[in-house]
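*Asks:* After the structure tokens below, expect a handful of questions from me.
Since every read-out is calculated from the coordinates, none of them should be taken as a lab result. Values in this document were obtained by computation on a predicted structure and should not be read as measured data. Here the Cβ positions follow ideal geometry from the backbone for every residue, glycine too, while neighbour counts run over all protein chains shown.
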Amino acid sequence: MKFFKIFARNLIQGPSTIAFPFAPAWTPERLRGRIVFDLAGCTGCRACEQVCAGGAIRFDKTPQGLRFMMWHNTCVFCGLCTFYCPTKAITQSDDWHMAHAAAHKFEMAIREVIPYTTCSVCGLKTLASAPNPVGVVPPFSAEEIEQHRQLCAGCRKKAMAERGATS
Ligand code: SF4
Ligand code: SF4
């Protein structure tokens, strides 16, 4: 008799699970999912590599520039890289759709190169990275960011000091 009661109750209530992947699945608010990298905002400071709990981020020097590599399969979604990134060039989306066939494992990575450029003031070979610091007052204009991208670290430091003196 008890069985029929449970059977009737379940029949009325309907299924408790969802038919994923044939139906959309609920994503919790503020879920820490797939890493997103913005090459234009990265200064190549390598803080994300230093703090990465899973060892998923690695930088290598190449003839073209500083190569950023991030392996989604190794990421533990701790969020440390996004917390410590000074320019918010690395962020976490709420995308958790990362199941893949073993044959596609090498595609589960972000590969970008921050190119070298020549400093427009002293001629030194330097990273064409954008100093886009968060919270600087007054904030950088797009034109200023473009100008600073052409400077080496030393000349950038001088330019920043002059900017501070005139603002
Ligand atoms: S979320 Fe954590 S494990 Fe994943 S890349 Fe960032 S620091 Fe590394
Ligand atoms: S700017 Fe952000 S993403 Fe780029 S190296 Fe530094 S911490 Fe990593």
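*Asks:* I need every pair where a residue in the range 71-93 that is more than 15 Å from Thr43 (Cβ to Cβ) and in contact (Cβ under 8 Å) with a residue 24 or more places away in the chain has its Cβ under 8 Å from the Cβ of a residue that is near ligand 1 (Cβ under 8 Å from one of its atoms) and charged (D, E, K, R), sequence separation at least 6 or different chains.
*Replies:* Hits for this filter: Phe77/Arg32; Cys78/Arg32; Gly79/Arg32; Gln92/Arg32.
*Asks:* When the range 21-57 is examined, which residues are found to be in contact with a Phe, Trp or Tyr (Cβ under 6 Å, 6 or more places away or on another chain) and within 11 Å of ligand 2 (Cβ to nearest atom)?
*Replies:* Result: Arg46, Ala47, Glu49, Val51.
*Asks:* While we're here: Could you figure out which of (1) surrounded by fewer than 16 Cβ atoms within 10 Å (Cβ to Cβ); (2) in contact (Cβ under 8 Å) with a residue 40 or more places away in the chain; (3) over 28 Å from His148 (Cβ atoms); (4) within 14 Å of the chain's Cα centre (by Cα) isn't true of Arg30?
*Replies:* Against the list (1) surrounded by fewer than 16 Cβ atoms within 10 Å (Cβ to Cβ); (2) in contact (Cβ under 8 Å) with a residue 40 or more places away in the chain; (3) over 28 Å from His148 (Cβ atoms); (4) within 14 Å of the chain's Cα centre (by Cα), Arg30 comes up short only on (4).
*Asks:* Within the group Pro115, Pro86, which residue is of a type outside the set (Val, Ile, Thr), under 23 Å from Ile35 (Cα atoms) and in a strand (DSSP E or B)?
*Replies:* That would be Pro115, the only listed residue that is of a type outside the set (Val, Ile, Thr), under 23 Å from Ile35 (Cα atoms) and in a strand (DSSP E or B).
*Asks:* Step by step: first the residues of the range 48-83, then only those that are in a loop (DSSP other than H, G, I, E, B) and hydroxyl-bearing (Ser, Thr, Tyr), then the one that is nearest to ligand 1 (Cβ to nearest atom). Which residue is that?
*Replies:* Residue satisfying both the conditions and the ranking: Thr74.
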